[in-house]
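Here is the structure we will look at, set down as structure tokens.
The values are calculated or read from the model by the stated rules, or taken from the named source; none is laboratory data. Just so it is clear, the model here is predicted, and its values are computed rather than measured. All Cβ positions, glycine included, derive from the backbone under ideal geometry; neighbour counts span all protein chains shown.
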């Protein structure tokens, strides 16, 4: 088989055609919502509101934090490879920019369609949700980093966003599960989607590029930029679309605490299982974030501060052990090659997050939340006015199953598509090398190795 | 001619004298405005406001995003040269810190002078405007990166801020053009100001330092930090000083969309015009931002989401082609050496932004904006109560011309001043080298090249 | 004496045991406050408030900025050493994550204890204060960078947070000094705490690792990430917990101006005192921040814009001269080894800040602040309803003395504890080397030096 990484026709074609499609679809479907339209001034007066009550001021700071997580957080976390930093941060940039447009449409049709005129009305909350939707695909990219072409990534994103929007609609609207920080909807789905694709694209001879599959000193420091921005802004991620007022406030506190706790157990396990007790940057870069994933679903619930610490405590341990034992096991015996270890950072913590969410929801009570607080937090309104917490717990568990099914099933199908020999992916001895898709200048000093 | 980059007397002298001048002028002129003065508490009660309606809460998050763009965004974008990273981020830091003080005074005299006591009253909006004003000079620095001394940069900034404040007053107040994100006022002016200076300072023998005029692997990754923070926070830039409520909301959405679209066409053109379809980091670092520039003027208008995508689509193409064809052409035939390619990132997209703004303004109507919305968005009040959209379109075009005239004219004059042989600029074989102005330690491994 | 940097048992033990202690204490003591509890909805209706008046929206953007300063700001500022970047950013991450938990408890007992049920009620302001508290210990780490083990750092943090909470309670509540940005409480205390510990841990033969005690080109650029994020977000730091409305607004303006001024005098002095007028990155990375420290106490007062510029002007000069003359002097004659130069960045500017605060407070008057403004700004209420500005000035000076006493005294005691030969600290010829505590891969090209 002839390997050819020349994407000079396919990549421009995909980018231009899809961008034109976006323009047409946006022209047909997308309009500003009530709070971003100039008629806001009349709406505001009519409802006796002030400008500061525009949803923009409730959510824009969180949106920008999420935005940083998507582009700098995920992007720089993937610069850790010694010769794939361009691909890590650059392709992350490309697929996120495409994905968010497609997400605005897909999520818009499900959640923001105005039936009076058939238009999707967007505001700042839609931008946040689009970024969330993209996160699922970026997680999947983590498993495939260095082994796929940008054209494959565009395909992965197109299908990933589509699948995401459908599973999200099923989980949130039909099943009526709550998932503020997306432990299930984003992390579980995204991780199993990526791992299934990676299984389909298994490369038995990838040891041919093993010389490149590692970090150098400076690339590890670059990756810490990604780690820290993800870690710091995760409270904004988990609180970005929760209820105004106490909902956003509580979600931020819970996430802040869970993440702090994770750092300590990650350090503990990393040191304990390493020769001479030395810390491994891979763990510090990744496992310290597991608590943020696992507290996603329950962040807006009354998890309690100590509950958040416990979740973080467990996830730091599990995630770091995953890097030490499970990732090598999966590669050796299960034919799943997971470059960034998303199984440890997103899959396991995501599932834990779904379970924690189900338990916390089932344990909710009016005595803790107050009557109005319970109705508000779990949205026991309209068609779901008769829900009770225990039942809600079951629905949460159901949501987790849907995320798993969509992730694995979708990944197998999309993986099959990506196996077609038309996408320009690199040869086994050419993986993890920016030279395949980038003009690389003057990095001779790296070659000294 | 003897070249001497020793600025041991001139640089400290300029810094200290100008800083003392700032202190004196601030002492005479600058005071807190109503919302940052302790009398706010009485003002608030008298007007039946709550603390959250202090302008601080409307604008401070956007201000901080803009602040990051100015110092980290512009600063790190200019670290891409292999041996001029200190100068890129360090001199950016210096001239921005000086420029914002001078801008508070210059813009204050024009816009925030309280005629009752002859004082300039400042609040958070003034800080944003000062950062904006500085951006014009930082853009100009992009053309000159590596070829000028810090003393020259201080002079460039002193004049640049002054010119900026005058052209801004003419464009916004006298001509009554709108320019929320500064496509004309900031980008067009700043870019032509820098290009004209570069033309005046043309170095025919600059190939003597060509070994240093390029990036290495890690410096390209550093530059991506700048790119991404500019890209992510551009929605805050374009919405920072727009109207409270729907104005800020809409400007953010439009910018978000334009930038997403630009990334795809930048990648497409970069791959299509490169041998083997490989992507060029120069394009990814710069052209992906062109959509944010071009949507600046019209961001607060009813550009519509698809309109924003179209603007971004075109600018990604034009800007990338500019890097491939126009920059070499300008250097070879027009004697304009443009280190960072600001012609492609700021000049052309800025002019496009002015034109898009004029068209969008001319096309405005009460049916789209509502009566109150139209008056509010275009500020058809007081002396301009009789303006109509078509006429506003003409005024917008007039504003663009003023920006061009001030940029080119001002640049020629300041360039002439900077040609005087007293500023300590580097010799031709010494350009793009931090050793001229910085103590450089332990970077031996870079020399391997 | 046998040096052994193996922390394989001690580090995991400390992390796990302390984290479990945190979980237990949080379980017993920490609950959500009124604004992050689901009963907010009833509280809000009862008090006729809207959701946007939840304290979350007043403070969360500032909190996130402070959070970035703690983790990216301090963390990356400490990456400047050529072979200790992992330790700089990584141990900063570890001790901040532990410290903030302990701080929530310690500060909670003093400031947020609800006497009706014996619980500490936390909200976003507690998170900010916890980050502030941590900052004191991170400053102390700056003096010790590269010379201590992570276990020592955990001990330093445990005691540091404890001491901080006590001195803070004495200064703010008992003495009733104001210290919005923590010039005294955070910077003076933290710096003298670290310097005293460093004196206790003096290493006479540290020249054995002098080959590693410096930067390389790229590590200096990494450190600039820390510098700039600290510099940009310092206005948020100083305004994060000031009064709603004009208090936050004014504190941000003053800090913005002081920092701008500092940059110019830092550049001036750095160039003037260096051979050939070349700038030194150490000064640019550190002394440019001194103005933010020194304006901390007075940021919320009527310091006036020119006053802020003057404070910044002086601190840039003093801090840079400190790096040139005082740091070498202290190492040679006073046996204080100060890796990051915290004496110049935090100690001297902190003391200056305390003095400026005392003077500004003593000079306050109703004619400048208005009656309500004066009462509000200085909190002349309840037990302190009879305070007058001149007396407040005296109390401010008293607060500064308490910070000095706690810093020096606490540092001597904790330093004595850290001298015990059980903590796994590195040998003299092994300082500033990540290999002691980290798995380091593929940084061969650094060794060329």
Checklist outcome for this item: Checked region B:348-387 for anything in contact (Cβ under 8 Å) with a residue 40 or more places away in the chain and in a loop (DSSP other than H, G, I, E, B); matches are B:364, B:379, B:387
Next on the checklist: Of the conditions (1) at pLDDT below 95; (2) farther than 23 Å from residue C:243 by Cβ; (3) part of a helix (DSSP H, G or I), residue C:345 satisfies every one except a single condition; which number is it?
Outcome noted: (1)
Checklist entry - When residue C:45 is evaluated against the numbered criteria (1) more than 7 Å from every other protein chain (Cβ to nearest Cβ); (2) under 27 Å from residue A:304 (Cβ atoms); (3) without any contact (Cβ under 8 Å) to a residue 40 or more places away in the chain; (4) not in a helix (DSSP H, G or I), which criterion, by number, is the only one it fails? => result (4)
Item to check | Among (1) surrounded by fewer than 22 Cβ atoms within 10 Å (Cβ to Cβ); (2) free of Cβ contacts under 8 Å to residues at least 24 places away in the same chain; (3) part of a helix (DSSP H, G or I), the one test that residue A:116 misses | outcome: (3)
Checklist entry - What number of residues within region B:60-109 satisfy the criterion of being within 17 Å of residue B:224 (Cβ to Cβ) and either in contact (Cβ under 8 Å) with a residue 40 or more places away in the chain or not in a helix (DSSP H, G or I) (or both)? => result 17
Item to check | Test: residue in region B:144-161 that is surrounded by fewer than 24 Cβ atoms within 10 Å (Cβ to Cβ) and closer than 22 Å to residue B:59 by Cα | outcome: no
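Suppose the filter is out of contact with any strand residue (DSSP E or B) (no Cβ under 9 Å at 6 or more places or on another chain), under 20 Å from residue C:258 (Cβ atoms) and either more than 11 Å from every other protein chain (Cβ to nearest Cβ) or buried (at least 24 other Cβ atoms within 10 Å of the Cβ) (or both); does residue B:89 pass it? Explain how you work it out, then say what you get.
Working: out of contact with any strand residue (DSSP E or B) (no Cβ under 9 Å at 6 or more places or on another chain): yes; under 20 Å from residue C:258 (Cβ atoms): no; either more than 11 Å from every other protein chain (Cβ to nearest Cβ) or buried (at least 24 other Cβ atoms within 10 Å of the Cβ) (or both): yes.
Against the criterion (out of contact with any strand residue (DSSP E or B) (no Cβ under 9 Å at 6 or more places or on another chain), under 20 Å from residue C:258 (Cβ atoms) and either more than 11 Å from every other protein chain (Cβ to nearest Cβ) or buried (at least 24 other Cβ atoms within 10 Å of the Cβ) (or both)), residue B:89 does not qualify.
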Checklist outcome for this item: Considering region A:108-136, residues that are within 14 Å of chain B (Cβ to nearest Cβ) and within 16 Å of residue A:170 (Cα to Cα), and then whichever is nearest to the chain's Cα centre (by Cα), we arrive at A:133
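Quick check, is residue A:218 within 22 Å of residue A:431 (Cα to Cα), buried (at least 24 other Cβ atoms within 10 Å of the Cβ) and at the interface with chain C (Cβ under 7 Å from one of its Cβ atoms)? Steps first, answer last, please.
On the way: within 22 Å of residue A:431 (Cα to Cα): yes; buried (at least 24 other Cβ atoms within 10 Å of the Cβ): yes; at the interface with chain C (Cβ under 7 Å from one of its Cβ atoms): yes.
Yes, satisfied.
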Checklist entry - Taking residue A:50, is it modelled with pLDDT under 95 and over 20 Å from residue B:65 (Cα atoms)? => result yes
Checklist entry - Can you name the residue in region B:240-252 that is facing another protein chain (nearest Cβ under 7 Å) and not in a helix (DSSP H, G or I) and is also farthest from the chain's Cα centre (by Cα) among such residues? => result B:245
Checklist entry - In region A:174-196, what count of residues is obtained for those that are within 15 Å of residue A:404 (Cβ to Cβ) and either surrounded by 24 or more Cβ atoms within 10 Å (Cβ to Cβ) or over 25 Å from the mean Cα position of the chain (by Cα) (or both)? => result 16
Checklist entry - Considering region B:2-30 alone, what residues qualify as being at the interface with another protein chain (Cβ under 7 Å from one of its Cβ atoms) and closer than 19 Å to residue B:113 by Cα? => result B:22, B:23, B:26, B:27, B:30
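Quick one: is residue B:153 part of a helix (DSSP H, G or I), over 30 Å from residue B:422 (Cβ atoms) and at pLDDT 95 or above? Before the answer, list the steps.
Numbers: part of a helix (DSSP H, G or I): yes; over 30 Å from residue B:422 (Cβ atoms): no; at pLDDT 95 or above: yes.
Here the answer is no, as residue B:153 does not meet what is asked.
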Checklist entry - Being outside any helix (DSSP H, G or I) and in contact (Cβ under 8 Å) with a residue 40 or more places away in the chain, is that true of even one residue in region A:253-267? => result no
Next on the checklist: Being crowded, with 18+ Cβ neighbours inside 10 Å, under 14 Å from residue A:303 (Cβ atoms) and within 14 Å of chain C (Cβ to nearest Cβ) is the filter here; which residues of region A:337-372 pass it?
Outcome noted: A:360, A:361, A:364, A:369
Next on the checklist: Just the residues that are within 7 Å of another protein chain (Cβ to nearest Cβ) and closer than 20 Å to residue A:73 by Cα, please, taken from region A:262-287.
Outcome noted: A:263, A:280, A:281, A:284
Checklist outcome for this item: Reported set for region C:31-42 where residues are at the interface with another protein chain (Cβ under 7 Å from one of its Cβ atoms), within 30 Å of residue C:159 (Cα to Cα) and outside any strand (DSSP E or B) is C:36
